Amino acid sequence: MRLNSSFFYTLREDAKDEDSRSSNLLVKAGYIKKSSSGVYMIMPLGWKVMGKIEAIIRDEMDRTGCQELLMPALIPEDVYVASGRRAGFGPSMFSLKDRKGMQYVLGPTHEELFAQAAKMKIKSYKDMPFSIYQMQTKFRDEPRPRYGLVRTKEFIMKDAYTFDADEKGLDESYQKQFNAYKNIMTRLHLDFRIVRADTGIMGGLLSEEFQAVTPLGEDILVLCDDCGLSSNIEVAACVPEKPDHEEAPEELTLVETPHSRTIEEVTDFLHKDAKHFVKTLIYKVDDKVVAVMVRGDRDINETKLRKFYGATEVELADPETVTKVTNAEVGFAGPIGIQCELIADEEVTYMQNFIVGANKTGYHYTGVNQKDFRIDRVGDLRNIMEGDTCPVCGGKIHFAHGIEVGNTFKLGTKYSKAMGLQYLDQNNKLQDVWMGSYGIGPARAMAALVEQKADENGINWPADIAPYPCSIVIISMKDEEQVAVANRLYDELTAKGLEPILDDRDARPGVKFKDMDLIGIPFRITVGRGVKEGKVEFKVRGQEAEDISIEEAATRVEQLYNESIVKVEH
């Protein structure tokens, strides 16, 4: 790319409306531009990087025997109604009507259509296994788009689907895709962890996330260095903390606690540690009202609560509902005399002489024990905390944050049942097809790489991911010899298949150097006065510059580029 005749720009000031380092740098460096909240233009530099990421994804997908196709983004709404997912997506699904009044949606995901496509082939058990994939735009009306490309309303996704005759076949297909995903993340130079996750609206038997580790990440990763446990906090199992001795029961006492509604306010008023309190929160689980008990310093895990009831929606009850079941204002709910189903996190069942709301405005009970109320059901309902006991090995848990770049699902027969995807087995009986689903977000991968590898000067791409691995900077465009040498190096690198940038702008050297650092070019050849002695300056990002001969410059770039490519086993 010759900059003087190309669409190229950079910004000197930080982007005012971006809330992450990656989005700010990608905007400043001219890779992306916000069109509206959660919607971005991908500029030429960004599209080059996206292309290289997608090429790695395609290579690994093709190696598994997965075939590429393209599904429509405009889909009849009835498709999602038939699978039972229309209600689950709710307002996050963009919907519209055509001129005849037919209801359509912009596809948020494509499991249903892939099941329809598979029907064209599958008649018998002999027609499986096979796998197909696409690179397609998805649309989700996110309530809070943020972090640039990390959470958007419109994004490209690679989604693949496997089709098998039974669970054993699904396991084999899943492992093949799973290994391909590990290769993709490795080849993308990402620092990643694989964690168990909630299947969410996708449903199915298993979900595993490929998380790029970065402080920006929306997801909390639960890790144990002793045994290698990796889990999303949404599904991380908790080991209840048990008392080390039996306490003598205290007398149940009603205590006035005026203006003390929150745990912080009540602990301050009673001068007790939050571990001695039990919070009782009122939830609406689908259409059912339930009270959930958890230790005062813990948080209820709403994903676990939803799965506990097999529910679709979980939300905190409105004040009117709280008052109805507690006969008190919000902030004074407790288990004694509660007028709805009462469930408790397992840890609560081991507590002694604790404090709860009294279901009376301005009052709490102290000296509460298990005999003072009746729990309807018990389960693991809380979030694990940093420093908690590992549920696998008994070690100590620590947290990291991650950006979910990829996700793999064992869907089982959920979608085949809904879409009537069946086959005749060896006994000529109809059976449901077993499916797997596998997604990767190329734009998220790009943002995660920037988050992980940027330095004080800007983006810092791996050489094989960078839009252009090398820049050739001409110090003086008025010096014919410098221009001639730069053009010769440009042609030589191009012939080697190493797309270079030729910075032939009439700009100061400092501006050119800053721009090349900002956009993240790994190698820089500076063509200046040294050409008279047959020398150019060669610089690797983050290292000291050195003078080398003109003749060895292109070979040096080629060597370093090849060394940067991560090799994986196939």
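The table below gives the values:
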item	result
Extension gain from residue 96 to residue 321, taking 0.36 nm per residue of separation minus the Cα-Cα distance	77.5 nm
Among 124, 103, 184 the positive-end extreme of the charge dipole of the stretch 86-204 (Cβ point charges)	103
The chain: angle of helix 167-187 to the longest principal axis, Cα-based, in degrees nearest 10	50 degrees
Surface share of carbon and sulfur [accessible, 1.4 angstrom probe, percent] for the chain	48 percent
Where the chain is the region considered: accessible area per residue in Å², 1.4 Å probe	46 Å²
Value of relative contact order over the chain, rounded to a whole percent, pairs C-alpha under 8 Å and six or more apart	17 percent
Amide hydrogen neighbours beyond the local backbone of residue 192, cut-off 5 Å, H modeled	213
Selection from 290, 224, 248 lying farthest towards where the dipole of the chain points positive, charges on Cβ	290
Pairwise label distance in nanometres, residue 353 with residue 251, each label 7 Å out on the Cα-Cβ vector	1.4 nm
Across the chain: Cys residues that no other cysteine approaches within a C-beta distance under 4.7 Å	66, 238, 340, 470
Surface accessible to a 1.4 Å probe, residue 566 within the full protein complex, Å²	40 Å²
Three-way shape call for the stretch 498-570 based on the alpha-carbon gyration tensor, with the a/c threshold at 1.5	oblate
Anisotropy class of the stretch 1-124 from Cα gyration tensor, a/c 1.5 cut	oblate
For the chain, calculated [θ]222 nm from helices alone, where every DSSP H run of n ≥ 4 adds -39500 (n - 2.57)	-8000 deg cm²/dmol
The stretch 1-33 and the stretch 301-330: distance between their alpha carbon centers, rounded to Å	45 Å
For the stretch 101-220, radius of gyration divided by Kirkwood radius, i.e. Rg to Rh on alpha-carbons	0.99
Sorted peptide list for 379-391, 517-529, 421-433, criterion being average Cβ within 10 angstrom, highest first	517-529, 379-391, 421-433
Farthest positive-ward along the chain dipole, Cα basis, beta-carbon charges - from 379, 326, 475	475
Separation of alpha-carbon centers, the stretch 109-146 and the stretch 417-477, rounded to whole Å	16 Å
Using alpha-carbon coordinates, inclination of helix 480-495 to the longest axis of the chain, degrees	60 degrees
Rounded, prolate or oblate (a/c below 1.5 giving rounded, otherwise prolate when a/b exceeds b/c) for the chain by Cα gyration tensor	prolate
Relative contact order of the stretch 1-74, defined on C-alpha pairs under 8 angstrom at six or more residues apart (%)	18 percent
FRET efficiency, residue 130 to residue 9 (Cβ-Cβ, R0 45 Å, nearest 0.05)	0.50
³J(HN,Hα) computed for each position of the stretch 451-459 - Karplus, 6.51 cos²θ - 1.76 cosθ + 1.60, integer Hz, glycine/proline x	4, 6, 10, 4, 10, 5, 9, x, 5
Cβ crowding within 10 Å averaged over residues, with 174-183, 549-558, 2-11 ranked highest first	174-183, 549-558, 2-11
Nearest-0.05 FRET efficiency for residue 226 and residue 506, computed from C-beta distance (R0 60 Å)	0.50
Computed magnitude of the charge dipole of the chain (debye, nearest 20; Cβ of K, R +1, Cβ of D, E -1)	1800 debye
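The values are calculated or read from the model by the stated rules, or taken from the named source; none is laboratory data. Since the structure is predicted, the reported quantities are computational estimates derived from the model, not experimental observations. Note that each Cβ is placed from the backbone with ideal geometry, even for glycine, and that neighbours are counted across all protein chains shown. Remember, those area values only see protein heavy atoms, side chains included, never the ligands or the DNA or RNA. Shrake-Rupley method; radii C 1.70, N 1.55, O 1.52, S 1.80 Å.
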